[in-house]
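The values are calculated or read from the model by the stated rules, or taken from the named source; none is laboratory data. What you see is a predicted model; the values in this text were computed from it and never measured. Every residue, glycine among them, receives a Cβ derived from its backbone with ideal geometry; neighbour counts consider all protein chains shown.
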Amino acid sequence: MTLLGIDYGTKKVGVAVSDETESIATPVAVFPNDVALMRELGKIIASRNISGIVVGESKNLNWQDNPLMKKIHAFTEALTGEFNLPINLEPEFFTTQAARFGSDEKLVDAAAAALILQSFIDKRKK
């Protein structure tokens, strides 16, 4: 099985996938957050036999939802309606900043999605 990781942003959405053993997350692409986003995600879901989706959960330092979470909840509902796959939220803090180290600037959001997905994978293995 393969998982899809998503770093949701109001302008761009980073995407990563796991390997088939759900051990390692790899950055895939960054898409504009526009009307074509669901179609692009659908292509990845179909071509990579995705079995579940992990979306970064955006909290503030007091562990409370930040303003972006309302949009993330709406996005996850849209994902559920469109693809009917299990969706998990994975807490993320400063993943975009961490992804900037050693990443091509064009793929920073995809690298952040890989960090989110890898965190989820690692927690499940414990």
Checklist line | All positions within region 55-87 that are in contact with a helix residue (DSSP H, G or I) (Cβ under 7 Å, 6 or more places away or on another chain), under 16 Å from Leu37 (Cα atoms) and β-branched (Val, Ile, Thr) | finding: Val55
Check: Of (1) within 18 Å of Met1 (Cα to Cα); (2) at pLDDT below 95, Ile53 satisfies all except one. Which?
Finding: (2)
Next item on the list: Could you tell me whether any residue of region 82-104 is at pLDDT 95 or above, in contact with a Leu (Cβ under 9 Å, 6 or more places away or on another chain) and over 17 Å from Phe120 (Cα atoms)?
Entry: yes
Next item on the list: Pick out the one residue from Val28, Val108 that is part of a strand (DSSP E or B), β-branched (Val, Ile, Thr), within 23 Å of Thr2 (Cβ to Cβ) and in contact (Cβ under 8 Å) with a residue 12 or more places away in the chain.
Entry: Val28
Margin query: Can you confirm whether Thr76 is surrounded by 12 or more Cβ atoms within 10 Å (Cβ to Cβ), more than 21 Å from Thr95 (Cβ to Cβ) and hydroxyl-bearing (Ser, Thr, Tyr)?
Written below: no
Item checked: Glu82 vs. criteria acidic (Asp, Glu) and surrounded by 13 or more Cβ atoms within 10 Å (Cβ to Cβ) -> yes
Note to self: Based on this model, can you work out whether Val35 counts as part of a loop (DSSP other than H, G, I, E, B) and out of contact with any Asp or Glu (no Cβ under 6 Å at 6 or more places or on another chain)?
What the structure shows: yes
Next item on the list: State whether one or more residues within region 62-75 are closer than 24 Å to Asp122 by Cβ, in a strand (DSSP E or B), modelled with pLDDT of 95 or more and in contact with an Asp or Glu (Cβ under 9 Å, 6 or more places away or on another chain).
Entry: no
Margin query: Every residue in region 1-25 that is part of a loop (DSSP other than H, G, I, E, B), closer than 20 Å to Glu92 by Cβ and in contact (Cβ under 8 Å) with a residue 40 or more places away in the chain, please.
Written below: Tyr8, Gly9, Thr10, Glu22, Ser23, Ile24
Checklist line | Qualifying position, being touching a strand residue (DSSP E or B) at 6+ places or on another chain (Cβ under 8 Å) and either at positive phi or not polar (S, T, N, Q) (or both), among Glu82, Glu92, Glu77 | finding: Glu92
Notebook entry, point to check: Which residues, counting only those in region 18-50, are under 13 Å from Ala111 (Cβ atoms) and in contact with a Leu (Cβ under 7 Å, 6 or more places away or on another chain)?
Noted result: Ala25, Pro27, Val30
